[in-house]
Amino acid sequence: MLIGIDLGSRTVKLAAVRDGILTDFQLSESGFDPHHQALAMLARYQPRRIIATGYGRHLAHKHFADQVITEIKAHALGARHSFPECRTILDVGGQDSKVISLDAAGRVVNFQMNDKCAAGTGRFLEIMAGSLGYGLAEFGEAPFNSYREVEINSMCTVFAESEVISLKNHGSAPADIARAIHLSVVNRLVNMLNRLGMGDSLVFTGGVARNRFMVAALAEKLGMEVLVPEHPDLTGALGAALHAGTLD
Amino acid sequence: MSSANFEIKAYPEMWEELGMDVPRFEKARLMLGEAYSKTYLSQTNRPAKMAYFDEMISEIHGGRVKELLAAKAAGHPVVGTFCVYIPEEIVIAAGGVCVGLCGGSQGSVPDAEKILPRNICPMVKSAFGFKAGRICPYFQAVDFVYGETTCDAKKKTWEILDRLVPTYVMEIPQMKRERDRVLWLAEVKDFQAKVEEVAGKSIFEADLAQAIRVMNEKRRALQRLTGLRGANPAPISGKDALLIEQIAFYDEPVRFAAQVNELCDELAERVAKGEGVSEITAPRVLISGTPMALPNWKVHNLVETAGAVVVGEESCIGTRYFKDLIDENLPGMEAQLGALTDRYMKIDCSCFTPNDERIDQIAKEYRAAKAQGIIHYSLQFCHTYNIEEIKVRELCERENIPYLSIESDYSPEDVGQLQTRIEAFLEQIRG
Ligand code: SF4
Ligand code: SF4
């Protein structure tokens, strides 16, 4: 059995693979001590090889992982596993977002990552959901019930939050504000995608790909199919596990 | 030298005399010493001849400063500089000394931000902060600072810096037509007059001829070093080469050239034996962009820690400083100054428009260094390099060169993200 483990900024994800097939997975909060968190998750397996990826990959390498690969490569491998033809990947995780372009053979030819702030990441959406009093799952459904257009202009978390408050105070419906927030993130992501240029479909990975409205709004704005793997937040861990298999 | 016993030597009495903020500087000294040990002395397989350059860092706040003060006491002008457009030959011809002032540290940025706006180039802020905070002995020792009208951040900062230290500003045109050359030559002559005034003596043909030879010799030594880095495996790390290019701006030029040549002899032996600092499979990267002023080793350190080797710097602290020489055999001051002006006009800084020579130069250096990818490095808020980056990107697309663009400042907050981007870029090169 081969294990890929993705030590992200917010969560640790683990994928176990046998014969190229995902056989088991886990997901948990990173907490204060992601390294021990990861060890606890690993305890029940006897893997032949462990590959780490994500923000904490080097820490994992120091303590238990056999090798590391970057999130970029891991997502490329993971996304290709679900969609063997894919050429463009958008990954939106807790603290960063990235766009990855692949060639026909699946090799990374170019990538972009967001700037060093929270704008356009899962964290941004989470904070905005909180300030509207939504849970994360509800937040992604709310915009479907929006019937009036309002706008959020700022991508800075602090300023956007004060825009949200002022819209609330002016009597805008939470669903309308939620929609505006989603669209502002979508615009930002589309800009990033356009910088790299893309083919005719997009694979969307990371925790934010579970948000139904994000997926719908991206597809509409891009005018193309947006494909989401079965476990979008597991893509990196899965990619790392698949990479483990190429090392024999 | 092992990292255990390395330290930057302290000269508290001299610093006191120079009017520095000694307690603060003492802290900066310790931090620099630590950063240097961690970044440099931990490398394996370093050429033995790097010992001289380690010593230059160890004496950066003392030995070299003493030499400057001695030159000054003997009546020789000491000029602080920030830009490769300084006609150093003229200063040397007058018996003077040029010293590049540091601008590569986060430590002095808060001092600058008390006065300057925050959203400007970190190099300008850092340099200004060294003076404002009185935490650089070189700044305290110079007769005057040489500034130029290259980018907006610099030329407007000179006005404010002039309040703290006399700042002489030379006009550098923004285009390279014949009429710009005429202006430039006139500016070179004004600068000559300024230096002569400070030196209290005139410069003659023989002085200038000698100075041209000195600078050519120094530039040739650096060219030779660059050439040797084209070997695979690379005989020297990019970090060490960058350090030498940084020291080039404050060391005594004749001694420096001799030391670089000795190092090159050692490197040539390594190359002949097929030895190097890295595996033959280590990805080879060319860095192109804004200057990396001492002690800015951020990108080189990330790239080499990730297992690659930097094989060239297309930068002012890099080839832009030494790729062009001046004809040594011209008779008469007029011809010499003309050749000097032409040489400086060849510098392909992005402050010029158009500046397509730089794009060709990057392609040339990429091939010569046998690099496998280019990282464009631009300091934050540097508009000219950040915009010219578009053309570098296009070059790489055209020639199928793996390419990564980084915009960063001196703060450590983006190191995690940069590390990921650089590692992913290396994965891309390794295929
Ligand atoms: S980038 Fe341009 S302005 Fe800056 S030091 Fe180099 S030549 Fe001077
Ligand atoms: S890096 Fe750019 S902004 Fe900074 S001093 Fe040089 S030209 Fe000016």
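In table form, for the structure just shown:
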quantity	calculated
Hits in region B:345-370 (condition: assigned to a helix (DSSP H, G or I) and either modelled with pLDDT under 95 or within 16 Å of ligand 2 (Cβ to nearest atom) (or both))	B:Arg358
Selection status of B:Ile374, away from ligand 2 (no atom under 16 Å from the Cβ), modelled with pLDDT of 95 or more, open to solvent by less than 20 Å² (accessible area, probe 1.4 Å) and within 14 Å of another protein chain (Cβ to nearest Cβ)	yes
Long-range neighbours under 6 Å by Cβ, at least six apart or interchain, first residue closer than 17 Å to A:Phe83 by Cβ within region A:185-212, second aromatic (Phe, Trp, Tyr)	A:Val203/A:Phe83
Filter result for B:Pro402 (more than 18 Å from B:Gln361 (Cβ to Cβ), modelled with pLDDT of 95 or more and of a type outside the set (A, V, I, L, M))	yes
Sole exception among (1) away from every other protein chain (no Cβ under 14 Å); (2) over 13 Å from A:Ala237 (Cβ atoms) for A:Pro34, by number	(1)
Cβ pairs under 6 Å, 6+ apart, first in region A:12-27 and acidic (Asp, Glu), second in a strand (DSSP E or B)	A:Asp24/A:Ala16
In region A:147-184, the residues that are more than 23 Å from the chain's Cα centre (by Cα), within 18 Å of A:Arg212 (Cα to Cα) and open to solvent by less than 20 Å² (accessible area, probe 1.4 Å)	A:Ala175, A:Asp176
Subset of region B:67-92 [open to solvent by 10 Å² or more (accessible area, probe 1.4 Å) and away from ligand 2 (no atom under 16 Å from the Cβ)]	B:Glu67, B:Leu69, B:Ala70, B:Ala71, B:Lys72, B:Ala73, B:Ala74, B:Gly75, B:His76, B:Glu88, B:Ile92
Given (1) in contact with a strand residue (DSSP E or B) (Cβ under 8 Å, 6 or more places away or on another chain); (2) hydrophobic (A, V, I, L, M, F, W, C); (3) away from ligand 2 (no atom under 16 Å from the Cβ), index of the condition B:Leu379 fails	(3)
Residue check, A:Glu163 of a type in the set (Asp, Glu) and assigned to a loop (DSSP other than H, G, I, E, B)	no
Number of positions in region B:371-404 that are within 16 Å of ligand 1 (Cβ to nearest atom), hydrophobic (A, V, I, L, M, F, W, C) and outside any helix (DSSP H, G or I)	3
Hits in region A:133-151 - residues which are under 12 Å from A:His182 (Cα atoms) and in a helix (DSSP H, G or I)	A:Phe139, A:Gly140, A:Glu141, A:Ala142, A:Pro143, A:Phe144
Subset tally (residues that are more than 14 Å from chain B (Cβ to nearest Cβ) and open to solvent by less than 10 Å² (accessible area, probe 1.4 Å)) for region A:66-110	6
Test for B:Arg163: is it away from ligand 2 (no atom under 16 Å from the Cβ) and more than 24 Å from the chain's Cα centre (by Cα)	yes
In region B:314-333, residue nearest to the other protein chains (Cβ to nearest Cβ) [restricted to those that are over 15 Å from B:Ala221 (Cα atoms) and more than 12 Å from ligand 1 (Cβ to nearest atom)]	B:Asp327
Some residue of region B:398-406 being more than 9 Å from every other protein chain (Cβ to nearest Cβ), of a type outside the set (A, V, I, L, M, F, W, C) and open to solvent by less than 60 Å² (accessible area, probe 1.4 Å)	yes
Within region B:97-170, strands (runs of 3 or more DSSP E) holding 1 or more residues that are open to solvent by 10 Å² or more (accessible area, probe 1.4 Å)	B:97-100, B:167-170
Subset of region B:410-429 (residues that are open to solvent by 30 Å² or more (accessible area, probe 1.4 Å), more than 9 Å from every other protein chain (Cβ to nearest Cβ) and farther than 17 Å from A:Ser101 by Cβ)	B:Pro412, B:Val415
Test set (1) touching a residue at least 12 places away in the same chain (Cβ under 8 Å); (2) more than 16 Å from B:Lys49 (Cα to Cα) - B:Ile247 fails condition number	(2)
Test: residue in region B:44-66 that is within 16 Å of ligand 2 (Cβ to nearest atom) and under 29 Å from B:Glu16 (Cβ atoms)	no
Residue match in region B:295-305 (condition: open to solvent by 10 Å² or more (accessible area, probe 1.4 Å), within 14 Å of chain A (Cβ to nearest Cβ), of a type in the set (S, T, N, Q) and within 16 Å of ligand 2 (Cβ to nearest atom))	no
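A quick yes/no check of all residues on (1) among the basic types (Lys, Arg); (2) assigned to a loop (DSSP other than H, G, I, E, B); (3) at pLDDT 95 or above:
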site: A:Met198; (1), (2), (3): no, yes, no
site: A:Ala209; (1), (2), (3): no, no, yes
site: A:Phe213; (1), (2), (3): no, no, yes
site: A:Pro229; (1), (2), (3): no, yes, yes
site: A:Ala237; (1), (2), (3): no, no, yes
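Let's see how each residue does on (1) within 26 Å of B:Leu225 (Cα to Cα); (2) surrounded by 14 or more Cβ atoms within 10 Å (Cβ to Cβ); (3) in contact with a His (Cβ under 7 Å, 6 or more places away or on another chain):
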residue	(1), (2), (3)
B:Phe6	yes, yes, no
B:Ala10	no, yes, no
B:Leu30	no, no, no
B:Ser37	yes, yes, no
B:Tyr40	yes, yes, no
B:Met50	yes, yes, no
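Residues are listed down the side, and each one gets a yes or a no for (1) hydroxyl-bearing (Ser, Thr, Tyr); (2) within 30 Å of B:Ala206 (Cα to Cα); (3) within 21 Å of the chain's Cα centre (by Cα):
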{"site": "B:Gln336", "(1), (2), (3)": "no, yes, no"}
{"site": "B:Arg358", "(1), (2), (3)": "no, no, yes"}
{"site": "B:Glu397", "(1), (2), (3)": "no, no, no"}
{"site": "B:Asp414", "(1), (2), (3)": "no, no, no"}
{"site": "B:Arg421", "(1), (2), (3)": "no, no, no"}
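The values are calculated or read from the model by the stated rules, or taken from the named source; none is laboratory data. All figures in this text were calculated on a predicted structure; none of them were measured in a lab. Positions of Cβ are generated from backbone atoms using ideal geometry, with glycine treated the same way; all protein chains shown enter the neighbour counts. All accessible areas refer to the heavy atoms of the entire protein, side chains included, with ligands and DNA or RNA removed. Shrake-Rupley method; radii C 1.70, N 1.55, O 1.52, S 1.80 Å.
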